[in-house]
């Protein structure tokens, strides 16, 4: 990267935990460049972070950045508390900054958002309608209200809690049998780790048991369709447009963009087509960062199965006017604060940061932006 930058006075954006040491490495070689680090996952409290044997090295590497970005203010708070307890640094809680060896790092929240679906080559109009019809037929979803979940298969996503809530929903409200079904798109994750491979098997067995208990063999209806695959964007978009209810039940998540992707899908093309109208309902975990940005969702504690099942029931029976009102408010948030706004806000704040050096050490004053992604 330093070879690519050359003598220019550059602005460098580093992203995520894989590159935690990079800001410090860059600053050691080129203190004149401005370095930003955005952290895409939650930052834990100081007590949890203490178990990391390389905690000091990681913090020192991260504090090489002029600007550190997290999704939520709470993650910023946790990070500065961690720095306060584990490294020799001067904290300024009024400015939300940390100074180490004469270099100051600003710590700020930048809630990430999503790109417009129309920019990702997905189907629209008649092509989309035909794909939705084919998908409904393929999975025997005709005549059913559809709920959707889209996740990596990971413990933090709350998929087993979701399945238990679906089961409890039909136990408490058998009137929804044959009328509502839930589709879980699950992408295998970290399959080289045996415990993650076992998780896929456990979830498949759980879904099979619930389906065996509740399904209607005479009609082919079943409560859960668990589709394990690496689903591409057009497929995900098709299901999001089709679904009337989206469930995001993360147990711990920095943001969880699926919630925002659902809202974005319901907004795009809604005026021209009945499919994907603004009447979808989002059931959202309070432990996902998106819950702060989308309070009009039905906010749940995924560990509370009764509350979770009740929220799904409320989503199913919610009247059209309330559906539209909630979705309209969420769509305004997504349209105004999209991925471009997030990137612009972060890079603007980074370009304005001072760090350790106020003037470049080279004579070349041109400005470039280099992005480093994990």
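Since every read-out is calculated from the coordinates, none of them should be taken as a lab result. Keep in mind it's a predicted model, so treat the numbers as computed, not measured. We place every Cβ from the backbone using ideal geometry, glycine too, and count neighbours over all the protein chains shown.
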Mind jotting down the distance between the C-alpha centroids of the range 140-183 and the range 16-31, whole Å?
44 Å
Mean residue ellipticity at 222 nm from the helices of the chain, using -39,500 (n - 2.57) per DSSP H segment of n ≥ 4 over the full residue count, to the nearest 500 deg cm²/dmol?
-12500 deg cm²/dmol
DSSP beta bridges in the range 115-222 [antiparallel fraction, %, rounded to 5]
10 percent
Just the number, please: percent antiparallel of the DSSP beta bridges in the range 43-112, rounded to the nearest 5.
65 percent
In degrees rounded to 10, the 0-90 angle between helix 233-242 Cα long axis and the longest Cα principal axis of the chain is 50 degrees
Spin-label proximity, residue 227 to the range 167-208 - amide N less than 11 Å from point 7 Å beyond Cα toward beta carbon:
183-186
Highest average packing first - 4-10, 187-193, Cβ atoms within 10 Å
4-10, 187-193
Would you look at the GNM of the chain, springs on alpha carbons closer than 10 Å, and say which of 114, 56, 14 moves the most?
56
What percentage of all Cα-Cα pairs in the range 90-226 are separated by more than 18 Å?
69 percent
Have a look at 143, 24, 289 and tell me which one the Gaussian network model of the chain (Cα, springs below 10 Å) gives the largest fluctuation.
143
Any chance you could give the angle, 0 to 90 degrees and rounded to 10, that helix 159-172 forms with the longest Cα principal axis of the chain?
30 degrees
With a Förster radius of 45 Å, plug the Cβ-Cβ distance of residue 192 and residue 216 into 1/(1 + (r/R0)^6) and report the FRET value to the nearest 0.05.
0.70
How would you order 166-173, 95-102 from highest to lowest mean count of nearby Cβ atoms within 10 Å?
166-173, 95-102
How far is helix 257-267 tilted, in degrees, relative to the longest principal axis of the Cα atoms in the chain, given as a value from 0 to 90 rounded to the nearest 10?
60 degrees
Say each of residue 3 and residue 25 gets a label point 7 Å from the Cα, pointing the same way as Cα to Cβ; how far apart are those two points in nm?
1.4 nm
Among DSSP beta bridges lying fully in the range 60-174, give the percent that are antiparallel, nearest 5.
65 percent
What is the range 117-336 by shape, rounded, prolate or oblate, if you read a ≥ b ≥ c off the alpha carbon gyration tensor as root eigenvalues and call it rounded for a/c under 1.5, prolate for a/b larger than b/c, and oblate otherwise?
rounded
Under a 10 Å cutoff between Cα atoms, tell me which one of 47, 307, 119 has the largest fluctuation in the Gaussian network model of the chain.
119
Between residue 90 and residue 329, 0.36 nm times their residue separation minus their Cα-Cα distance comes to what?
81.9 nm
Expressed as a fraction of 2.2 N^0.38 Å, the rule-of-thumb size for a compact globular protein of N residues, what is the C-alpha radius of gyration of the range 44-90?
1.07
Once the principal axes of the Cα atoms of the chain are found, what is the range along each, listed largest first in whole angstroms?
76, 45, 38
